[in-house]
1. Enumerate the calculated ³J(HN,Hα) couplings along segment 67-83 in order (Karplus 6.51 cos²θ - 1.76 cosθ + 1.60, θ = phi - 60°), each rounded to whole Hz, writing x wherever the residue is Gly or Pro.
2. Between D262 and S294, what is the FRET efficiency for a Förster distance of 25 Å, r being their Cβ-Cβ separation, to the nearest 0.05?
3. Could you calculate the contour length gain from Q215 to S254, that is, 0.36 nm times the residue separation minus the distance between their Cα atoms, to one decimal place in nm?
4. Give me the distance in nm between label points sitting 7 Å out from Cα along the Cα-to-Cβ direction at A269 and L105, one decimal.
5. Testing the spin-label approximation: label points 7 Å from Cα along Cα→Cβ at V63 and E131. State their distance in nm.
6. Keeping all protein chains in place and using 1.4 angstrom, which order do Y336, Y276, Y78 fall into by accessible surface area, from largest down?
7. Taking 0.36 nm per residue of sequence separation and subtracting the Cα-Cα distance, how much length would be gained by fully extending the chain between D180 and R48, in nm to one decimal?
8. Expected output is a single nm value to one decimal: the length gained when fully extending between V76 and L117, i.e. 0.36 nm times separation in residues minus the C-alpha distance. What is it?
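The values are calculated or read from the model by the stated rules, or taken from the named source; none is laboratory data. Since the model is a prediction, treat every value here as computed from it, not as a measurement. Note: ideal-geometry Cβ built from the backbone for every residue, glycine included; neighbour counts use all protein chains shown. For the accessible areas, the whole protein counts, side chains as well, though only heavy atoms, and no ligand, DNA or RNA atoms are used. Shrake-Rupley method; radii C 1.70, N 1.55, O 1.52, S 1.80 Å.
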Amino acid sequence: MLGGLGTSGLALAALLLAPFTRRVLRAAAGRERSRLGIVDLPPVPGDRRELGWAALHATAGLVVGLVGLSLPVYAVQYCTFPLWYRLLDPSMGGPGFVTWGIDGLADAFGVFLIGVLFAVAAFALLPGIAELQAFPGRRLLAPAADADLSLRVAELTATRAAALDAHATELRRIERSLHDGTQNRLVALNVLIGAARRAQERNPAAVADILNRAQDATEQALAELRAVVRSILPPVLDDRGLAGALAGLAGACSVPCALEVDLPGRCAASVEATAYFVVAEALTNVVKHSGAGSVAVTARRDGDRLRLRVTDDGRGGADESSGSGLAGIRRRVAAYDGRFAMTSPAGGPTTMDVELPCGS
């Protein structure tokens, strides 16, 4: 009831100031939504329901709230009157609307009985009064019937954009890896083959050395090409499943890594690949940036959700904008309509939680 009176006052201020600012109105409506447990959605242009709520809540709501507040106040005042009636001049009557003279304890006890009636009325009527005061807010501040669908469409639109962005980023990464690594190795190999062909006529003794260098360049190109292929979809996922792939990542991590896996059954291949890359990137961040002495990775399946947690005891203070790869992880997770959360206070520890739909 007191909360309703507070928002009534805010609504009155918002109503008076509405021609000048919408912030007061928005703040008052937001407080009322919070009080009533209503989801607060972004404002819709041209939606005047908040203004209508402010008009009702600042007038009728304020009156209803004062009535509801007066009942327990009168109940306490009248019920305690026998304890302090001697402090009043008997000719002045009693509290409130009791205007007749109070000549003794019997008259004071009569006022007490009126207080009992107020107490009974308060217990009986206050729930209904509270509902009546909240009615304009529930009717005018609640989301529209299609609001959930609109939010879901907006969420899916954002997810699709994140998926396209993640896909474009991945293509750029693959192109850069092929251009800066494998392509350069193949160009060097082509140069060495040409040099060996020319040396065969001019300096046959140098051919063996050139061919050895060409073989080294070929092996390096193959190794880089295999790395690019593994970065697209690691073969270890097909061979050993996600549990085995994560065990390989934990074993190869230079920071001691504890792994806990509970993954009955398989998820969709693309989801497992996303989970693998998320953990791989997280462990890379731990090694490069955290200064941690240990890291723990947990992977478990909870119904139709795959949950990952990576925790390290490093220095903390991880920031997505610092180029640590966290933004890429968020994009990957968002692309699959998953959830990403991270806590990294200064001084550590850093905990990253990821939730992905398992798919089928």
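1. Karplus-based 3J(HN,Hα) across segment 67-83 equals 4, x, 6, 5, 4, x, 5, 5, 4, 5, 4, 6, 5, 8, 4, x, 7 Hz.
2. It comes to 0.75.
3. Net length gain for the segment: 11.0 nm.
4. The modelled label-to-label distance comes out at 9.3 nm.
5. The two pseudo-label positions are separated by 2.1 nm.
6. On the way: Y336 80, Y276 35, Y78 0 Å².
Largest to smallest exposure gives the sequence Y336, Y276, Y78.
7. 41.8 nm
8. Additional length available on full extension: 13.7 nm.
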